[in-house]
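**Q** A single structure is presented below for examination.
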Amino acid sequence: MIKRKSLPKIYIKTIFCFLLGIIFLSPVLLIVMNSFKPNSDILTSFISFPTSLYFDNFAKAMEVMNFWVVFKNTVFVTVCTVLLAGSVSFLGAYGISHLRGKLSNGLYTLFVLGQLIPFHAVMISISILSTKVHLNNTHLGLIIFNSGFFTAFGIMTYVGFLKSVPRELEEAAAIDGAGVFRIMLQIVFPLVKSTTVTLGILFFLWTWNDLVLPNILISDENLRTITVNLYMFKSATNAQWNLLIAGLVVSMLPIIIIYIAGQKYITSGLTAGAIK
């Protein structure tokens, strides 16, 4: 039972956490609230509640920003990146975790060190490389480069968990006649479900929200992603805040839905490999 003396402390902590939650959510709430207001009301008072729900913002935003085209582009690039980066990460981590001696530690350290290089240090190199191999202005270029950046983190996360998987399971499957790929996909892969979901969500968020790489590689309007399209719209006009905010709300919906659906896997997936 909770002691009566500790109840005030619990109430204070609850109220404090509730206030912190409101502070952190207030930017999102303001964006959603203003997406239903006409432009004149937004310019008059950004923090006031809408007097009525103005849904025309969303229809006009989708039309003016060519929204459905860039939405499909973003979904295609994001899904392909998640699949490619996740597959390469698992395959690489499986191989590293089964190597012995200095080779395994050396490869693992190499991928960990790859995360220390900031993206801005290789921006010019990526731009030149993409031009020489004809990957600029293509979704394939975005998918390949994004997957390359994410793979280092994916391998580091997978290796920590795969090393904790009992080798007896694989040995028993091998005795029963299972090959390497069958053991890897049917025995080991289901055991890293939480890690896989975690990495999938993180890769999805990083790709969907990325602005710098698509801005470097993509110049064709019909190939742009959502973030670049919203940025270009903001640069072209500073007056149509209602359309820009409505576009932001629509672009946030997939991220919010996917994060809420898989949030329980994120902490467990990241900590399981680290602890074990």
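**Q** When you look at Asn137, is it in a loop (DSSP other than H, G, I, E, B), open to solvent by 30 Å² or more (accessible area, probe 1.4 Å), within 30 Å of Ile124 (Cβ to Cβ) and out of contact with any strand residue (DSSP E or B) (no Cβ under 6 Å at 6 or more places or on another chain), yes or no? Can you show your working first?
**A** Details: in a loop (DSSP other than H, G, I, E, B): yes; open to solvent by 30 Å² or more (accessible area, probe 1.4 Å): yes; within 30 Å of Ile124 (Cβ to Cβ): yes; out of contact with any strand residue (DSSP E or B) (no Cβ under 6 Å at 6 or more places or on another chain): yes.
For Asn137, the condition - in a loop (DSSP other than H, G, I, E, B), open to solvent by 30 Å² or more (accessible area, probe 1.4 Å), within 30 Å of Ile124 (Cβ to Cβ) and out of contact with any strand residue (DSSP E or B) (no Cβ under 6 Å at 6 or more places or on another chain) - is met.
**Q** Moving on. Within region 206-223, restricting attention to residues that are surrounded by fewer than 15 Cβ atoms within 10 Å (Cβ to Cβ) and not polar (S, T, N, Q), which residue is farthest from Leu253 (Cα to Cα)?
**A** Per the stated criteria, the residue is Asp220.
**Q** For region 224-246, name all the residues that are within 23 Å of Thr81 (Cα to Cα) and either open to solvent by less than 20 Å² (accessible area, probe 1.4 Å) or in contact with a helix residue (DSSP H, G or I) (Cβ under 6 Å, 6 or more places away or on another chain) (or both).
**A** Just the residues of region 224-246 that are within 23 Å of Thr81 (Cα to Cα), to begin with: 224-231.
Result: Arg224, Thr225, Ile226, Val228, Asn229, Leu230.
**Q** Identify, please: which residue in region 24-72 is assigned to a loop (DSSP other than H, G, I, E, B) and aliphatic (A, V, I, L, M) and is, among those, least open to solvent (accessible area, probe 1.4 Å)?
**A** Filtering region 24-72 for residues assigned to a loop (DSSP other than H, G, I, E, B) gives 35-38, 45-55, 65-66.
Still in the running and aliphatic (A, V, I, L, M): 47, 53, 65.
Details: Ile47: 125, Leu53: 110, Met65: 8 Å².
Among them, the one singled out is Met65.
**Q** Now for a different question. It is to be established whether one or more residues within region 258-272 are at pLDDT 85 or above and among the β-branched types (Val, Ile, Thr). Spell out how you get there, then give the answer.
**A** First, pick out the residues of region 258-272 that are at pLDDT 85 or above: none.
No, region 258-272 has no match at all.
**Q** Being closer than 23 Å to Leu253 by Cβ and open to solvent by 40 Å² or more (accessible area, probe 1.4 Å) is the filter here, so list the residues in region 190-205 that pass it.
**A** Step one: filter region 190-205 for residues closer than 23 Å to Leu253 by Cβ, giving 197-205.
If the condition is that a residue be closer than 23 Å to Leu253 by Cβ and open to solvent by 40 Å² or more (accessible area, probe 1.4 Å), then Val197 is the only one that fits.
Residues are listed down the side, and each one gets a yes or a no for (1) open to solvent by less than 60 Å² (accessible area, probe 1.4 Å); (2) touching a residue at least 12 places away in the same chain (Cβ under 8 Å); (3) under 22 Å from Asn105 (Cα atoms):
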position	(1), (2), (3)
Phe149	no, yes, yes
Thr157	yes, yes, yes
Leu162	yes, yes, yes
Ala172	yes, no, no
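**Q** Something else about it: Would you mind finding the one in Val75, Val112 that is open to solvent by 30 Å² or more (accessible area, probe 1.4 Å), farther than 23 Å from Leu253 by Cβ and in a helix (DSSP H, G or I)?
**A** Working: Val75 fails: farther than 23 Å from Leu253 by Cβ.
Step by step, each of Val75, Val112 is checked, and only Val112 is open to solvent by 30 Å² or more (accessible area, probe 1.4 Å), farther than 23 Å from Leu253 by Cβ and in a helix (DSSP H, G or I).
The values are calculated or read from the model by the stated rules, or taken from the named source; none is laboratory data. The structure presented is a predicted model; accordingly, all values stated were derived computationally and were not measured. Please note: Cβ atoms are built from the backbone with ideal geometry, for glycine as well, and neighbour counts cover all protein chains shown. SASA here: full protein model, heavy atoms, side chains in, ligands and nucleic acids out. Shrake-Rupley method; radii C 1.70, N 1.55, O 1.52, S 1.80 Å.
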